[in-house]
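Remarks on the structure that follows.
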């Protein structure tokens, strides 16, 4: 059995950032990251849209808002120091018709309250920024950017090792035991013990939390986000980032256009129930996980509440023509021939038993002093942008 001062479960960007911050806060202490895959960042982080979010959308004072603003600055500083590709390119949030204007105004107000530099613009300025986008007004957010999150994770892993930390790969957690001497985590790679364990298991965080005795009722329901990308002869239709005005009652941002750091332009996503927690295509089905989602009362209540929007998302999943029409609301010149399939991602969305989608970061603790488990139970966007700040926040809790 191998002992450390801290164990981190999950080698995505939040887990790596937390381990990295621990090495900075407690130099000389030992930390080990346990990752079930043979490499880091294989799931949500590695399939991220690559956007550096500004914090314009989030409820003022929420963990999302506070961590996004400080986390973005920390991420940019990290990228400069370690030569990871990023760019502050700006984005436009477009009101495609008059009905979008009240929601656009609310987003603008939130942006100002959160300290985000943003400006309401008209059609002439929109045409200057994104000549092929169409709408009656827009919000210009110059601070938004794009980044290579896989590159960030590689550098985080490198820095953890340089500080004396360990990354143990192919180490899926199969059991967690809290006892007088700490917490023992069992994996195929061996047993590991520490007085404190941080659960950053992403799509499986609720399962890991229950292994550790957490009573938090929220459960993860996986939503697949499906994307297309623009072919080379259509890339001129989007310069940077073009977003619609989102529905304030739903946590997803709607189909949008995203320029990546490699120059490709992704279009999407829609959001449909995934048939497995790692169900990146329609053919991947885990009957146990799917049954767990469909029979969870929180999912049933959410589906009834949002059935109309859900039906639209499902239709876009099976109909490319419907997906194209959604994109044409922002960029009318888009055609089906301009699009080719791109890799999908799966979002780990926490749902409460009453059917509400958890709209903020959710951190829960179980155990006791000397055998403590901190569970990161909901870390959707902007978690990648905010990862270094989230990690810092978690590590500071360990000092209390």
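Read-outs throughout are calculated quantities, based only on the coordinates presented, and are distinct from any laboratory measurement. Note that the structure is predicted; figures quoted are calculated from it, not measured. Neighbour counts run over all protein chains shown; Cβ positions are idealised from the backbone, glycine included.
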* **Gained length - residue 309 relative to residue 291, 0.36 nm times residue gap less alpha-carbon distance** => 4.3 nm
* Structure fact -> From DSSP H assignment alone, runs of 4+ in the chain each adding -39500 (n - 2.57), the sum over residues rounded to the nearest 500 puts [θ] at 222 nm at -10000 deg cm²/dmol
* Relative contact order, percent, region 1-159 [alpha-carbon distance under 8 Å, six or more residues apart] -> 28
* Asked: Is any residue of region 125-153 close enough, with backbone N under 18 Å, to a label point placed 7 angstrom from the Cα of residue 333 along the Cα-Cβ axis, and if so, which?
  -> 125-136
* To do: Please tell me the relative contact order of the chain in percent, rounded to the nearest whole number, where contacts are Cα pairs under 8 Å and at least six residues apart.
  => 25
* Asked: Fully extended, how many nm does the chain gain between residue 354 and residue 215 (0.36 nm per residue separation, minus their Cα-Cα distance)?
  -> 48.5 nm
* **Along principal axes, Cα extents of region 294-349, largest first, whole Å** => 42, 23, 17
* Asked: Listed highest first by mean packing, meaning other Cβ atoms within 10 Å per residue, what order do 108-120, 310-322 come in?
  -> 108-120, 310-322
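If you count, for each residue, the other Cβ atoms within 10 Å and average over each peptide, how do 89-95, 199-205, 166-172, 138-144 line up from highest to lowest?
Most protected by this proxy first, the peptides run 199-205, 89-95, 138-144, 166-172.
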* Structure fact -> Taking 0.36 nm per residue of separation between residue 24 and residue 168 and subtracting their Cα-Cα distance, the length gained on full extension comes to 49.9 nm
* Arranged from highest to lowest average of other beta-carbon atoms within 10 Å per residue, in what order do the peptides 206-212, 380-386 appear? -> 380-386, 206-212
* To do: Sticking with the crude label model, points 7 Å out along Cα→Cβ, report the distance from residue 85 to residue 322 in nm, one decimal please.
  => 3.5
* Asked: Relative to the longest principal axis of the chain, what angle (0 to 90°, nearest 10) does the C-alpha long axis of helix 101-113 take?
  -> 50
* **Rounded to 10°, Cα long-axis angle of helix 149-162 versus longest principal axis of the chain** => 20
* Can you give me the relative contact order of region 265-337 as a percent, contacts being Cα pairs under 8 Å and 6 or more apart? -> 24
